[in-house]
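Peer 1: Structure below; questions to follow.
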Amino acid sequence: MKMIARWPFAATVLLIAFGPAQAQEIKVDEPRVCLNCHEDFAQTLKSQHVHSPAKSGKCSQCHNPHASQHAALLAQNKEEQCFTCHAREKLNLDRPEVHDPAAKGECLQCHDAHASAFTDQLKAPEKDLCGQCHTQVAGWLSSSVKHSPVASGKCTTCHEAHGGDHPGLVRKDNYSLCTGCHQTDAQFTALHKGSDLKGVDCTACHDPHGSKSPGLLMPLKHAPFAENRCQACHAEAKTAGGGYPLKGAVNDLCLGCHPGIREYAGMAHQHLPLNQYDCTTCHNAHAAGEPSLLRTEASALCLGCHTSPAGLGADFRNSLHKEVACATCHAPHGSPNARLMQADVISLCGSCHQHQHSVTHPMGAATLDPRNGAPMDCASCHQIHLAKYDPLLPKDGARELCVECHKNK
């Protein structure tokens, strides 16, 4: 009992004796002490562009010197570490349009955390770095006529790197951006049939990156535009330099010449541009570089809108179906099938996966999914675009997925 009585006093003495010593700040010679082990890092610090904490030798500003729950002994997870100094608002991450890696906090996809030979610690020159995800860059660079920012590899001349207010992360609306360099003088007006084109989208006729045609004109032209029949869609200008107004609503004008598209408007499932927006959401009205006058390469066009919650966007490059054109499976205007499928799921998948459908799990109207009561089809177990497990399974196919239906009784 005497020992028990003395223990609280002894503990207090120990706390008094060791408490202040533990609380003392120990001065460490950073980064010399770090370089004792990480000696190869000394060469990194000689790079032209060095992250300010590394340049000032404050390794512990980002790394915990003793222990951490995060890789590389980071003080926080990598998605949050950068934001402790670089506020989201200053990076424009609170804007309507946000670059996919920035939105996910994947700063290290573009930037080196310590040092680089390139401005802003980029991992590579802008054109090479952007081209890793935006595969169209290689085609633009090989064009016979290149927009000067593309030729110089300066994507950020026109595009925001992190976030902005305009689609495509362009720094301003297209007209304001283009006329910031291209003066709207008398020559400009004369080349555009007397219209000053104020506020129009220049990319309706010109490719902003690269083209085979002089003036960066798109190589494929809408018939009325190519034949100089502007009056097919436009009324005469009411005033000099006042522009040429459309004769009616965009979709009414388009369907007047393309009546076959109208049948899709009555289908159970319609692509939103056909009834809520307009045809120019996907198609250029005057000229384009892609078949069917699409605004850009088909997959890039689709992924420009279909990023969430479908889980596509930049991550789609990792999908097993990444080489399959979207229109192979999805109808671009309308369909009687859900998700704008070109046919029912079983038939559509079976058109490519013939062997799998000869040995498949029972499917069809006679086989109901016990989880929801719907007929089983390929999508009952497989996802179409991305999944955690191969082959496109949302759960482990060895057991976890199967026991959702086949439970022991």
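The values are calculated or read from the model by the stated rules, or taken from the named source; none is laboratory data. Worth saying up front: this structure is predicted, and the values here are computed from it rather than measured. Neighbour counts are summed over all protein chains in view; Cβ atoms, including those assigned to glycine, are modelled from backbone coordinates with ideal geometry.
Peer 1: What is the number of the single condition among (1) more than 24 Å from Lys212 (Cα to Cα); (2) at pLDDT 95 or above that Thr157 does not meet?
Peer 2: (1)
Peer 1: Residue by residue through segment 91-109, note down the ones that are of a type outside the set (D, E, K, R), over 19 Å from Ala300 (Cβ atoms) and not in a helix (DSSP H, G or I).
Peer 2: Leu91, Asn92, Leu93, Pro96, Gly105
Peer 1: Let me ask another. What are the residues in segment 154-178 that are farther than 19 Å from Cys202 by Cα and surrounded by 17 or more Cβ atoms within 10 Å (Cβ to Cβ), if any?
Peer 2: Taking segment 154-178 as the starting set, the residues that turn out to be farther than 19 Å from Cys202 by Cα are 154, 161-164.
Answer for segment 154-178, where residues must be farther than 19 Å from Cys202 by Cα and surrounded by 17 or more Cβ atoms within 10 Å (Cβ to Cβ): Ala161, His162, Gly163, Gly164.
Peer 1: Right, here's the next one. Just to be sure I understand, how many residues within segment 367-409 are of a type in the set (A, V, I, L, M, F, W, C) and assigned to a loop (DSSP other than H, G, I, E, B)?
Peer 2: Final tally of qualifying residues: 9.
Peer 1: Restricting attention to segment 110-142, which residues are hydrophobic (A, V, I, L, M, F, W, C) and part of a loop (DSSP other than H, G, I, E, B)?
Peer 2: Within segment 110-142, Cys110, Ala113, Ala117, Phe118, Ala124, Cys133 qualify.
Peer 1: (1) at positive phi; (2) touching a residue at least 60 places away in the same chain (Cβ under 8 Å): which one isn't true of Asp207, the others all being true?
Peer 2: Unmet for Asp207, out of (1) at positive phi; (2) touching a residue at least 60 places away in the same chain (Cβ under 8 Å): (1).
Peer 1: Give me a count of the residues in segment 273-292 that are within 22 Å of the chain's Cα centre (by Cα) and in a helix (DSSP H, G or I).
Peer 2: Residues that pass the stated criteria total 3.
Peer 1: Looking for whichever is within 19 Å of Val324 (Cα to Cα) and loosely packed, with under 12 Cβ neighbours inside 10 Å here; the options are His385, His355. Which one fits?
Peer 2: Details: His385 fails: loosely packed, with under 12 Cβ neighbours inside 10 Å.
Among His385, His355, only His355 is within 19 Å of Val324 (Cα to Cα) and loosely packed, with under 12 Cβ neighbours inside 10 Å.
Peer 1: Next up: For segment 215-228, enumerate the residues that are more than 35 Å from the chain's Cα centre (by Cα) and either of a type in the set (Ser, Thr, Tyr) or modelled with pLDDT of 90 or more (or both). Break it down into steps so the answer makes sense when it comes.
Peer 2: Quick first cut of segment 215-228, residues more than 35 Å from the chain's Cα centre (by Cα) only: 227-228.
Glu227, the sole residue that qualifies.
Peer 1: Determine which member of the set Gln48, Gln121, Gln81, Gln76 is over 18 Å from His159 (Cβ atoms) and over 26 Å from the mean Cα position of the chain (by Cα).
Peer 2: The match here is Gln48.
Peer 1: Sort through Leu303, Leu340 and tell me the only one that's surrounded by 14 or more Cβ atoms within 10 Å (Cβ to Cβ) and either at pLDDT 90 or above or not assigned by TED's automatic domain parsing to the domain that holds His271 (or both).
Peer 2: Leu340 is the lone residue from the list that is surrounded by 14 or more Cβ atoms within 10 Å (Cβ to Cβ) and either at pLDDT 90 or above or not assigned by TED's automatic domain parsing to the domain that holds His271 (or both).
Peer 1: Then there's this: Does His159 satisfy being farther than 23 Å from Val137 by Cα and either assigned by TED's automatic domain parsing to the domain that holds Gln109 or not aromatic (Phe, Trp, Tyr) (or both)?
Peer 2: No, not satisfied.
Peer 1: Could you give me the residue pairs with C-beta distances under 6 Å whose first residue belongs to segment 251-269 and is modelled with pLDDT of 90 or more, whose second residue is of a type in the set (S, T, N, Q) and in a helix (DSSP H, G or I) wherever it lies, and which are 6+ apart or on separate chains?
Peer 2: none
Peer 1: Quick one: Ala237 ticks every box in (1) in a helix (DSSP H, G or I); (2) touching a strand residue (DSSP E or B) at 6+ places or on another chain (Cβ under 9 Å); (3) modelled with pLDDT under 90 except a single one, so which number is it?
Peer 2: (1)
Peer 1: Working carefully through the options Ala268, Ala235, Ala249, find the one that is over 28 Å from the mean Cα position of the chain (by Cα) and more than 25 Å from Gly334 (Cα to Cα).
Peer 2: Going through Ala268, Ala235, Ala249 in turn, the sole match is Ala235.
Peer 1: Separate question: Looking only at segment 315-366, count how many residues are over 30 Å from His258 (Cα atoms), in contact (Cβ under 8 Å) with a residue 40 or more places away in the chain and not in a loop (DSSP other than H, G, I, E, B).
Peer 2: Counting residues in segment 315-366 that are over 30 Å from His258 (Cα atoms), in contact (Cβ under 8 Å) with a residue 40 or more places away in the chain and not in a loop (DSSP other than H, G, I, E, B) gives 4.
Peer 1: If I filter segment 172-213 down to residues being touching a strand residue (DSSP E or B) at 6+ places or on another chain (Cβ under 7 Å) and closer than 17 Å to Thr156 by Cα, which single residue comes out as modelled with the lowest pLDDT?
Peer 2: Gly210
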